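A quick write-up on the structure given underneath.
The values are calculated or read from the model by the stated rules, or taken from the named source; none is laboratory data. Bear in mind the structure is a predicted one, so any value in this text is a computation, not a measurement. Every residue, glycine as well, gets a Cβ built from its backbone with ideal geometry; the counts of neighbours run over all protein chains shown.
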Amino acid sequence: MISLLTLKKFIAEKKLVNLSLILQTFGTQQEETLAILELLIHKGYVKKCFKTPHCATRCLKCTPDSFALYQWVEPPDLALAPHSR
């Protein structure tokens with residue numbers, strides 16, 4: 001099983017990855033990896049985007065999730081945020 005911190009560091013280093021690269025690199029199951037990715041998206045560290053290749057308009061055999069890319073997003077520096085009173 002891959003840890004949240006390990007996946008977070010991997011995406012931060014690569015900046016943009018697809019699910020296949022993550023699965024191949026860490027040898028993890030798709031379901032557990034997607035769960036961790038969703039948590040990173042929810043926390044604001046990762047953004048899910050789609051890049052549809054030209055071939056996708058022809059056969060329609062691929063699912064939209066197979067084109068998903070996961071992009072590292074620099075989290076805002078909480079130390080610079082104004083304090084609420």
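Numerical summary
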quantity: From the options 26, 67, residue that is modelled with pLDDT of 75 or more, touching a Pro at 6+ places or on another chain (Cβ under 9 Å) and not charged (D, E, K, R); calculated: 67
quantity: Residues satisfying the stated conditions in segment 9-21, i.e. assigned to a helix (DSSP H, G or I), modelled with pLDDT of 95 or more and under 9 Å from the mean Cα position of the chain (by Cα); calculated: 11
quantity: Top-ranked residue in segment 7-28 [being of a type in the set (S, T, N, Q) and surrounded by fewer than 12 Cβ atoms within 10 Å (Cβ to Cβ); ranked as nearest to residue 71 (Cα to Cα)]; calculated: 20
quantity: Residue within segment 48-62 that is at pLDDT below 95, of a type in the set (Val, Ile, Thr) and not in a helix (DSSP H, G or I) present; calculated: yes
quantity: Lone unmet requirement of (1) more than 9 Å from the chain's Cα centre (by Cα); (2) surrounded by 13 or more Cβ atoms within 10 Å (Cβ to Cβ); (3) not in a helix (DSSP H, G or I) for residue 44; calculated: (2)
